[in-house]
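Chemist: What follows is a single structure, and I will ask about it in a moment.
Read-outs throughout are calculated quantities, based only on the coordinates presented, and are distinct from any laboratory measurement. All values reported here derive from a predicted model rather than from experimental measurement. Counting neighbours? That spans all protein chains shown, and the Cβs are built from the backbone with ideal geometry, glycine included.
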Amino acid sequence: MTKAAVSSIGVIGDGAWGTTLAKLLAEKGCAVSVWGPFPENLNKMAATRENARFLPGIVLPAGITYTDKLENLVAGHNCLIIAIPSQYLDPVLKRIAKLPLKNKAFVSVVKGIDVRNFKTMSQLVEARLGKVPLAVLSGPTIALEVARKVPTTAVSASRNARWMSEVQALFSTDYFRVYTNPDVLGVEICGSVKNIIALACGVCDGLGFGTNTKAALLTRGLVEMKRLGVAFKAKPETFNGLTGLGDLATTCFSPQSRNRHVGEEIGKGRPVDDILAGMASVAEGVVTAKAVCRLSRKLKIDMPITQAVYDMVYTRRPPQKVVADLMRRSLKKE
């Protein structure tokens with residue numbers, strides 16, 4: 001893809017992260033358009049230059065345009081950033097698959113594993129759209145911090161070395177530094193499972209536990225991430241990098257982490273349905289816990305923290321009992 005083609009970008013998704021990336025790219029001089037499913041939200045963003053629902057207080061560049069016509073967005077841009085929650089991705093991909101995709105290249109910033117077929121998001125994209133140029137952009141990237149230009153790092157991952165490097169150059173700024181890593185599967189497993197561990201760390205906060213407990217959850221959670229990754233032949237070193245340990249630490253400790261927040265409210269005794277109903281954004285770990293728990297059972301991979309989160313979210317098992325069960329497991333070496 002040429003430099004001129006990359007300068008015209010369509011963002012599929014008007015949430016916090018999609019809006020943040022649109023802002024970043026528009027400020028770099030790219031022509032950027034954002035698609036969202038609700039015209040009233042888009043019209044308000046265009047009029048106020050603010051995404052009050054998902055990114056309040058951040059002024060958006062005047063040059064960003066907005067549309068609720070997905071077909072027009074895809075037709076008008078050669079670089080397409082997919083930035084919608086994982087549970088809504090497949091229906092959107094089916095719509096895109098019906099459109100001409102010659103000379104189109106994609107960047108997925110979606111984190112999750114499909115609960116029906118256990119595909120990662122890039123695998124789902126390729127299953128629907130074919131072998132299009134595709135990169136995954138992931139890492140410890142709280143949207144509001146990036147929008148405020150807080151120094152941040154991320155990773156561009158792709159099996160297409162040229163596109164991986166082009167994505168690295170496209171997104172890099174003096175406050176957003178992008179590395180490359182060809183281990184796409186490892187990067188995506190990290191980005192998916194870390195949300196489950198963040199839920200567990202939030203429960204720890206809600207129960208009033210301390211740093212000892214959270215450190216244990218983060219460390220043993222990283223072990224679970226690696227176990228799943230090794231089963232899929234991902235590179236072990238990926239899990240110690242930005243998309244693994246880095247993203248895990250950010251999501252488990254940040255007060256802005258949606259997944260940590262949901263876990264905290266569970267720990268305080270609030271019903272999951274009530275918590276989710278009161279949120280504008282999606283906590284990906286809730287759905288991912290179901291997918292990864294089923295996958296770990298199928299592959300016979302020991303993932304006790306993931307199972308514990310599943311039990312709290314889907315069987316409504318009290319957090320105190322779940323913690324007791326984890327602590328009373330049979331003793332073993334680290």
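Chemist: Based on the Cα gyration tensor of the chain, what are the three equivalent ellipsoid semi-axes, each the root of five times an eigenvalue, rounded to whole Å and given largest first?
Modeler: The answer is 33, 22, 18 Å, longest axis first.
Chemist: Ranking Asp247, Asp174, Asp114 by Cβ neighbours within 10 Å, fewest first, what do you get?
Modeler: Asp174, Asp114, Asp247
Chemist: Give me Ile142, Ile266 sorted ascending by neighbouring Cβ count inside 10 Å, so fewest comes first.
Modeler: Ile142, Ile266
Chemist: Near the amide H of Tyr179, under 5 Å away, which other amide H atoms are found, from residues 5 or more places off or on another chain, if H is placed in the peptide plane?
Modeler: Close amide H contacts, sequence-distant or interchain: Ala154, Val155, Ser156.
Chemist: Go through the chain and flag any cysteine with no other cysteine's C-beta closer than 4.7 Å, please.
Modeler: Taking the Cβ cut-off of 4.7 Å, the unpaired cysteines of the chain are Cys30, Cys79, Cys190, Cys204, Cys293.
Chemist: Using only the alpha carbons, work out the radius of gyration and Dmax of the stretch 96-183 in angstrom.
Modeler: Rg then Dmax for the stretch 96-183, in Å: 14.0, 40.
Chemist: Right, something else. Taking the Cα centre of the chain as origin, sum charge times position over the Cβ atoms of Lys and Arg (+1) and Asp and Glu (-1), and report the length of that vector in debye to the nearest 20.
Modeler: Computed about the Cα centre, the dipole is about 900 debye.
Chemist: For the stretch 3-182, what is the charge dipole size about the Cα centre, in debye to the nearest 20, if Lys and Arg each add +1 at the Cβ and Asp and Glu each add -1 at the Cβ?
Modeler: Charge dipole, the stretch 3-182, about its Cα centre: 400 debye, nearest 20.
Chemist: Fewest first, what order do Leu222, Leu60, Leu207 take by the number of other Cβ atoms within 10 Å?
Modeler: By the 10 Å Cβ count, ascending: Leu207, Leu222, Leu60.
Chemist: Which one, Leu60, Ser33, Trp163, projects farthest toward the positive side of the charge dipole computed for the stretch 3-182 from Cβ point charges (K/R +1, D/E -1)?
Modeler: Of Leu60, Ser33, Trp163, it is Trp163.
Chemist: Report the far tail of the P(r) of the stretch 245-304, meaning the percent of Cα-Cα pairs longer than 19 Å. All intermediate terms of the calculation are to be shown ahead of the outcome.
Modeler: Details: 718 of 1770 pairs.
Pairs farther apart than 19 Å: 41 percent.
Chemist: To continue, here is another question. Using only the C-alpha atoms of the stretch 180-255, find the volume of their convex hull and express it per residue in Å³.
Modeler: Value for the stretch 180-255: 71 Å³ per residue.
Chemist: Let me ask another. Have a look at the DSSP beta bridges in the chain and tell me what percent are antiparallel, nearest 5.
Modeler: 15
Chemist: With +1 on each Lys and Arg Cβ and -1 on each Asp and Glu Cβ, how big is the dipole of the stretch 185-327 about its Cα centre, in debye rounded to the nearest 20?
Modeler: Working: 19 positive and 13 negative charges, 89 e Å.
About 420 debye.
Chemist: If you line up the Cα atoms of the stretch 178-218 on their principal axes, what length do they span on each, largest first, in Å?
Modeler: Principal extents (largest minus smallest coordinate, Cα): 40, 16, 15 Å.
Chemist: Test of understanding: express the Cα radius of gyration of the stretch 3-182 as a ratio to 2.2 N^0.38 Å, with N the residue count.
Modeler: That ratio works out to 0.95.
Chemist: Once a ≥ b ≥ c are taken as the square roots of the eigenvalues of the Cα gyration tensor of the stretch 57-104, is the result rounded (a/c under 1.5), prolate (a/b larger than b/c) or oblate (a/b not larger than b/c)?
Modeler: Oblate is the answer for the stretch 57-104, as a/c is 1.5 or above yet b/c matches or exceeds a/b.
Chemist: In degrees between 0 and 90, to the nearest 10, how far off the longest principal axis of the chain does helix 16-27 point, with axes built from Cα atoms?
Modeler: Tilt relative to the chain: about 40 degrees.
Chemist: Right, here's the next one. Starting from the Cα-Cα distance between Ala31 and Met327, subtract it from 0.36 nm times their residue separation and give me the gain in nm to one decimal.
Modeler: Separation in residues times 0.36 nm, less the Cα-Cα distance, equals 101.2 nm.
Chemist: Only sites in a loop by DSSP and with at most 16 other Cβ atoms within 10 Å count here; which chymotrypsin sites (Phe, Trp or Tyr not before Pro) in the stretch 221-276 make the cut?
Modeler: Sites meeting the loop and neighbour criteria: Phe232.
Chemist: Out of every Cα pair in the stretch 185-327, what percent are spaced more than 28 Å from each other?
Modeler: Roughly 10 percent, rounded to a whole number.
Chemist: Would you please name the GluC sites (Glu not before Pro) within the stretch 1-93 that are DSSP coil residues with at most 16 other C-beta atoms within 10 Å of their C-beta?
Modeler: The qualifying sites are Glu50.
Chemist: Can you give the calculated 222 nm mean residue ellipticity of the chain, where each DSSP H run of n ≥ 4 adds -39,500 (n - 2.57) and the sum is split over every residue, rounded to the nearest 500 deg cm²/dmol?
Modeler: -15000 deg cm²/dmol
Chemist: Any lysines with Cα under 18 Å of the Lys321 Cα? List them, leaving off those in the same chain fewer than 8 positions away.
Modeler: Lys214, Lys268
Chemist: Note the full-extension length gain between Met279 and Lys235 as 0.36 nm times their separation in residues minus their Cα-Cα distance, in nm to one decimal.
Modeler: In short, 12.3 nm is gained.
Chemist: Helix 184-206 versus the longest principal axis of the chain: what angle, 0 to 90°, nearest 10, using Cα atoms?
Modeler: With both axes taken from Cα atoms, the answer is about 50 degrees.
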